[in-house]
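The values are calculated or read from the model by the stated rules, or taken from the named source; none is laboratory data. Computed from a predicted model, the values in this text were never measured in an experiment. Counting neighbours? That spans all protein chains shown, and the Cβs are built from the backbone with ideal geometry, glycine included. Remember, those area values only see protein heavy atoms, side chains included, never the ligands or the DNA or RNA. Shrake-Rupley method; radii C 1.70, N 1.55, O 1.52, S 1.80 Å.
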Amino acid sequence: MDLLGFALRRIGTIVPTLFAVSVLIFLLQQLLPGDPALALAGDERTPEVIEQIRQRYGFDKPLPVQYANWIGKAVLGDLGESYRTRAPVTKLIASTLPVTMELAVLAMLLALVTGIPAGVIAAVRDRRAGGTLVNVISLSGLSVPHFWLGIMMILLFSVDLGWLPASGYVPPWEDLGRNLITLIMPAIVLGTRVAAVLMRHTRSAMLEILQSDYIRTAHAKGLPQWRVVTKHALRNALVPVITLATIEFGYLLSGAVLTEQIFSIPGMGKLIVDAVFNRDYAVVQGVVLIAATLYIMMNLVGDLLYFVVSPRMRA
Amino acid sequence: MSVTTAGEETLERRSRNRALRRFLRRRSAVAAGIVLLLFIVIALAAPLISPYNPIATNFLLVRKPPSALHWLGTDEVGRDVLARLIWGARASLLAGVIPVCIALGFSIPLGLLSGYAGGWIDSVIMRVADAMLAIPFLIVAIALTAFLGPSLGNAMIAIGIAALPTFVRLARGAVLSLKSEDYVEAARAIGNSPFRIAWRHILPNMVPPLLVQACITVAAAIIAEASLSFLGLGQAPPAPSWGSMLNAGQRYLAAAPWIAIWPGVAIFAVVLAVNIFGDGLRDALDPKRR
């Protein structure tokens, strides 16, 4: 199968999933106890105000019509307006999404440059001790509540040592250096779990590959050890990492909610938490829809990359 | 018939004993089990062992460091941190178990229905599960709590619903693979009703994969509850929960770091124990996957 055919077929499966996701997110509103207009009215619950809200947001129309209106606008980039500030939800997301993406990408990079080499070293060097060490580190990385890790890092590096700022995000176009300094702790905190997952995976994949025939052949040819490991073994061990990294990307989006809260970073995670407290349901729905769409797209990109680098898939 | 049933039961018991022996050989998993048991005992015995009332404030004792009277110090309104930690174990452990019960309770019938009925019922259930899996776990939980309203109960429901699709997929997969097993075909051939087959032959064999997933999910659910409570979407103050203690602790990090340290240590210890226990359980139940 060629790449185009595979891509088209894969995109074909995305459409029904996106449709189902959007229906679920739309139906969230039905969970509100009682009349959503009543919930939105807050303290000014006069019949006129409620009627006005009902008409303004289309609550007086049947559900399928409400959904069709909502999704029709969403497809065109209109996710409604914040009930609180009346700002367009799309605009709120557009201003916060790049911040979250930068944080997620930094976290992923940190996880890649620490997790993969650690996994390789643990597989190549002393097998038993390496295995135990990797197990301990990766299980700890998976188990530590990373928002607590963030608080502890603030305690150490900001409060005690005074090396890094605990908050105060600066956009990269204003001051890139300052931007990276404020993001380094959040990125480490967010990347911990992914690093642990990558380390565990890389070690077990490397152990399996290092026992295969073609590695023995490479050794027999007299190639130096580092070349066998990096060129022959690691290359194949890394193929599934692509899928793993895209799956973990969903975790980064989830984790960013807490990380942004701890370090006061004005990203999409902080946007959704503030919206929850303000009962700004349009913003909540918008953020969830965008997060899900991003995650689905990342998985698509991951699958396509996997298809490109893995010759077996093309057979 | 009675002969085969007796034979079946001996076989079942034997394989269960084998799994138990395999589990007991893994010392780290057994140790993790003991740690978990300890936390459960602490949670159950909270009224007996807690040194102070966890919600009684005392403005003479605001943010006092650890001392002989208050081993782990006091918090921002003079409550004993150790007492809150002990009582908070209840919220955290419940939040680990109840969402998993919700997910299991719904996923087993849904998985059986999906795997057995096939056709459009299967397609609808699977599309919805896929759609839920497309939204990152904690974001589903946050969105659900937003609409249900913040409380510990709603946080647990939200986490349970967020965990549901993984369980449904697993249950359905188990049903599909078990459906074509020889012994199930045989049971059908001798005229057993679908309900009896599901109950006697399929359900017991769905348990191992679901049990392992349940363990993983308990760990995830404890962290998720702590996260929601940390954000202020879970346990309502003044009732103690490890997540909400961390929230308060962060605000007084410079002046009273002990408020934030211990709840995190407790979460870490419980989740680590659950994960090690789960690893041991997986290896014992499914030695092929090691």
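Write down the accessible area per residue of chain B in Å², having rolled a 1.4 Å probe over the full set of protein chains.
Here the residues of chain B average 47 Å² of exposed surface.
Compute the FRET efficiency between B:VAL207 and A:LEU27 as 1/(1 + (r/R0)^6), taking r as their Cβ-Cβ distance and R0 = 41 Å, and round to the nearest 0.05.
Given R0 = 41 Å and the Cβ-Cβ separation, E is 0.80.
How high is the relative contact order of chain A, in percent, with contacts defined as C-alpha pairs under 8 Å that are six or more residues apart?
25 percent
May I ask you to compute the full-extension gain from B:LEU176 to B:SER28, defined as 0.36 nm times their residue separation minus their alpha-carbon distance, rounded to one decimal in nm?
In short, 49.9 nm is gained.
Residues with beta-carbon under 12 Å from that of B:TRP87, excluding B:TRP87: net charge, scoring Lys, Arg +1 and Asp, Glu -1?
Net charge around B:TRP87: +2.
Can you give the local net charge around B:ARG27? Use residues other than it whose beta-carbon is closer than 14 angstrom to its beta-carbon, Lys and Arg +1, Asp and Glu -1.
+2
Which value, in debye to the nearest 20, gives the size of the charge dipole of the stretch A:89-314 about its Cα centre, when Lys and Arg are +1 and Asp and Glu are -1 at the Cβ?
Value, rounded to 20: 1020 debye.
So for the stretch A:15-123, what are the equivalent ellipsoid semi-axes in whole Å, largest first, each being the square root of 5 times an eigenvalue of the Cα gyration tensor?
That gives 41, 17, 14 Å for the three semi-axes.
Within chain B, what is the longest stretch that has no chymotrypsin sites (Phe, Trp or Tyr not before Pro) placed in a DSSP loop and near at most 16 other beta-carbon atoms within 10 Å?
Of all site-free stretches, the longest is B:72-251.
Ballpark to the nearest 100 Å², how much total accessible area do B and A bury together, probe 1.4 Å?
Heavy-atom accessible area buried at this interface is about 3600 Å².
What list of ³J(HN,Hα) values in whole Hz, one per residue of the stretch A:84-101 in order, does the Karplus curve 6.51 cos²θ - 1.76 cosθ + 1.60 (θ = phi - 60°) give from phi, with Gly and Pro shown as x?
The phi angles translate into 7, 9, 6, 6, x, 4, 4, 5, 4, 5, 4, 7, 9, 4, x, 5, 5, 5 Hz.
Taking only complete DSSP H runs, can you tell me which helices of chain B stretch 27 Å or more along their own long axis by Cα positions and average at least -0.5 on the Kyte-Doolittle scale?
B:81-117, B:152-179, B:203-231, B:258-285
Taking only Cα atoms and a 10 Å spring cutoff, compute GNM fluctuations for chain B and point out the largest among B:SER244, B:SER123, B:SER28.
Of B:SER244, B:SER123, B:SER28, the Gaussian network model singles out B:SER123 as fluctuating most.
In Å, what Rg and Dmax follow from the Cα atoms of the stretch A:89-314?
When restricted to the Cα atoms of the stretch A:89-314, Rg and Dmax are 20.0, 67 Å.
Would you please state which residues of the stretch A:136-165 a label at A:ARG125 would reach in this model, taking the label point 7 Å out along Cα→Cβ and a backbone N cut-off of under 20 Å?
Once the point is set 7 Å along Cα→Cβ of A:ARG125, A:136-141 turn out to lie under 20 Å by backbone N, inside the stretch A:136-165.
Computed over the Cα atoms, what is the radius of gyration of the protein assembly as shown divided by 2.2 N^0.38 Å, N being its residue count?
1.03
Excluding B:GLY111 itself, what net charge comes from residues whose Cβ is under 11 Å from its Cβ, given Lys and Arg +1 and Asp and Glu -1?
Around B:GLY111, the surrounding residues sum to +1.
For an R0 of 41 angstrom, estimate the FRET efficiency from the Cβ-Cβ distance between A:GLN52 and B:ASN192 and round to the nearest 0.05.
0.10
According to a simple spin-label model (label point 7 Å from Cα along Cα-to-Cβ), what is the distance in nm between A:LYS61 and B:LEU48?
Roughly 6.2 nm, to one decimal.
Read phi for every residue in the stretch A:196-202 and hand back ³J(HN,Hα) as whole Hz from Karplus 6.51 cos²θ - 1.76 cosθ + 1.60, θ = phi - 60°, with x for Gly and Pro.
Couplings: 4, 5, 5, 4, 4, 5, 4 Hz.
Leaving out ligands, DNA and RNA, what percent of the accessible area of the protein assembly as shown is carbon and sulfur, probe 1.4 Å?
C and S fraction of accessible area: 66 percent.
With labels modelled as points extended 7 Å from the Cα through the Cβ direction, what inter-label distance (nm, one decimal) is found for B:PHE59 paired with B:CYS101?
Going from the B:PHE59 label point to the B:CYS101 one covers 4.1 nm.
Roughly how many Å is it from the Cα centre of the stretch B:83-162 to that of the stretch A:219-269, as a whole number?
Here the answer is 28 Å between Cα centres.
If N is the number of residues in the stretch A:11-67, what value comes out of its Cα radius of gyration divided by 2.2 N^0.38 Å?
After normalising by residue count via 2.2 N^0.38 Å, the value is 1.43.
Of the options B:LEU60, B:ALA32, B:ILE259, report the single residue whose Cα projects farthest towards the positive end of the charge dipole of the protein assembly as shown (beta-carbon charges: Lys, Arg +1; Asp, Glu -1).
Result: B:ALA32, furthest along the dipole toward the positive end.
Lysines within cross-link reach of A:LYS270: Cα-Cα under 29 Å, excluding same-chain residues under 8 positions apart?
By straight Cα distance, A:LYS270 reaches A:LYS73, A:LYS91.
Hey, got the average number of other protein chain Cβ atoms within 10 angstrom for residues in A:270-279?
That works out to 3 on average.
Heavy atoms of the protein only, probe of 1.4 Å, neighbouring chains included. What is the accessible area of A:TYR251 in Å², nearest 10?
Approximately 50 Å² of A:TYR251 is accessible to the 1.4 Å probe.
In the stretch A:59-208, with Lys and Arg counted as +1 and Asp and Glu as -1 at Cβ, which of these residues, A:THR182, A:GLY80, A:VAL144, has the Cα nearest the positive end of the dipole, that is, farthest along it?
Value: A:VAL144.
Can you tell me the accessible area per residue over the stretch A:89-314, all protein chains present, probe 1.4 angstrom, in square angstrom?
Computed with neighbouring chains in place, this is 44 Å² per residue.
Can you compute 3J(HN,Hα) from phi for each residue in the stretch A:221-233, using the Karplus curve 6.51 cos²θ - 1.76 cosθ + 1.60 with θ = phi - 60°, rounded to whole Hz and x for Gly and Pro?
Coupling constants for the stretch A:221-233: 5, x, 5, x, 3, 4, 6, 4, 5, 6, 7, 8, 7 Hz.
Hey, if you put +1 on the Cβ of every Lys and Arg and -1 on every Asp and Glu Cβ in the stretch A:89-314, which of A:LEU238, A:TYR169, A:LEU258 ends up farthest toward the positive end of that dipole?
My answer, from the dipole projection, is A:LEU238.
Taking just the C-alpha trace of chain B, give me its Rg and Dmax in Å.
Here Rg and the maximum Cα pair distance are 22.6, 77 Å.
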